[in-house]
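Asks: Dropping the structure in here first, questions after.
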Amino acid sequence: SRLPLQLLTFSSFDLDFARPFVERRLSDLNIVMLSRVHAFPCAPKNSFSFTFSRALRHLKTLHPTIDAVLTYVNPNLGFRGTSYRAANWVPLAEEPVTYLYAGGEYTTFRSIAAASVSGTSDALRVQARTLSVSRVPLLPLRVFAYPVSTRAKGSLAEGRD
């Protein structure tokens, strides 16, 4: 049987912290997030660019108005963004990161926001009482952009030094 080498997950743009950078460099463009990348152990070391190019071709078929793809890299987990730079992604921003813990277990800002939207006030009260943040200094998240349209390529080229 044939096993996959990599999995890529795309989602809607929802990174509030990146909005100022996006508005400054990619204003009025249709952006999609590359939210997860997983390489299976059998994947060749430099298979990301090949896999991404195939996924992007399919994504453009589904969403022909796409201008750019954004992703983020967490250096605190050992990721440096080498594959993105090798595949011509552009560094866009860095954002300080804080790890949150509710009752001693890792949680995300997104899950806390989802609980508040869904009206689970009991869960919010428990989280508020037990919420703590990481005390260890953390490296910032790195946001990368991949221009798809000519407009996005021009916008990202303008911001380079």
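The values are calculated or read from the model by the stated rules, or taken from the named source; none is laboratory data. What you are looking at is a predicted structure, and each value in this text was computed from that prediction instead of being measured. With ideal geometry, Cβ positions are generated from the backbone for all residues, glycine too; neighbour counts draw on all protein chains shown. Ligands, DNA and RNA are stripped out before the accessible areas are found, and what is left, the full protein with its side chains, is counted by its heavy atoms. Shrake-Rupley method; radii C 1.70, N 1.55, O 1.52, S 1.80 Å.
Asks: Among the residues of region 30-47, which ones are within 17 Å of the chain's Cα centre (by Cα) and of a type in the set (A, V, I, L, M)?
Replies: Answer for region 30-47, where residues must be within 17 Å of the chain's Cα centre (by Cα) and of a type in the set (A, V, I, L, M): ILE31, VAL32, MET33, LEU34, VAL37, ALA39.
Asks: Looking at (1) modelled with pLDDT of 85 or more; (2) farther than 28 Å from TYR99 by Cβ; (3) part of a loop (DSSP other than H, G, I, E, B), which one does SER53 not meet, given that it meets all the others?
Replies: In the conditions (1) modelled with pLDDT of 85 or more; (2) farther than 28 Å from TYR99 by Cβ; (3) part of a loop (DSSP other than H, G, I, E, B), SER53 misses (3) alone.
Asks: Further question on the same structure: Is region 145-160 home to any residue that is at pLDDT below 90, within 19 Å of the chain's Cα centre (by Cα) and part of a loop (DSSP other than H, G, I, E, B)?
Replies: No.
Asks: Are any residues in region 34-64 under 17 Å from GLY81 (Cβ atoms) and surrounded by fewer than 18 Cβ atoms within 10 Å (Cβ to Cβ), and if so, which ones?
Replies: SER35, ARG36, HIS38, ALA39, LYS45, ASN46, SER47, SER49
Asks: Would you confirm whether or not region 14-21 contains a residue that is at negative phi and touching a helix residue (DSSP H, G or I) at 6+ places or on another chain (Cβ under 7 Å)?
Replies: no
Asks: Which one of these does ARG25 not meet: (1) touching a strand residue (DSSP E or B) at 6+ places or on another chain (Cβ under 7 Å); (2) among the charged types (D, E, K, R); (3) open to solvent by 60 Å² or more (accessible area, probe 1.4 Å)?
Replies: Checking ARG25 against (1) touching a strand residue (DSSP E or B) at 6+ places or on another chain (Cβ under 7 Å); (2) among the charged types (D, E, K, R); (3) open to solvent by 60 Å² or more (accessible area, probe 1.4 Å), the one that fails is (3).
Asks: Mind checking which residues of region 75-108 are under 13 Å from the mean Cα position of the chain (by Cα) and open to solvent by 50 Å² or more (accessible area, probe 1.4 Å)?
Replies: Within region 75-108, PHE79, PRO91, GLU94 qualify.
Asks: Taking the stated definitions as given, is LEU70 surrounded by 14 or more Cβ atoms within 10 Å (Cβ to Cβ) and not in a loop (DSSP other than H, G, I, E, B)?
Replies: yes
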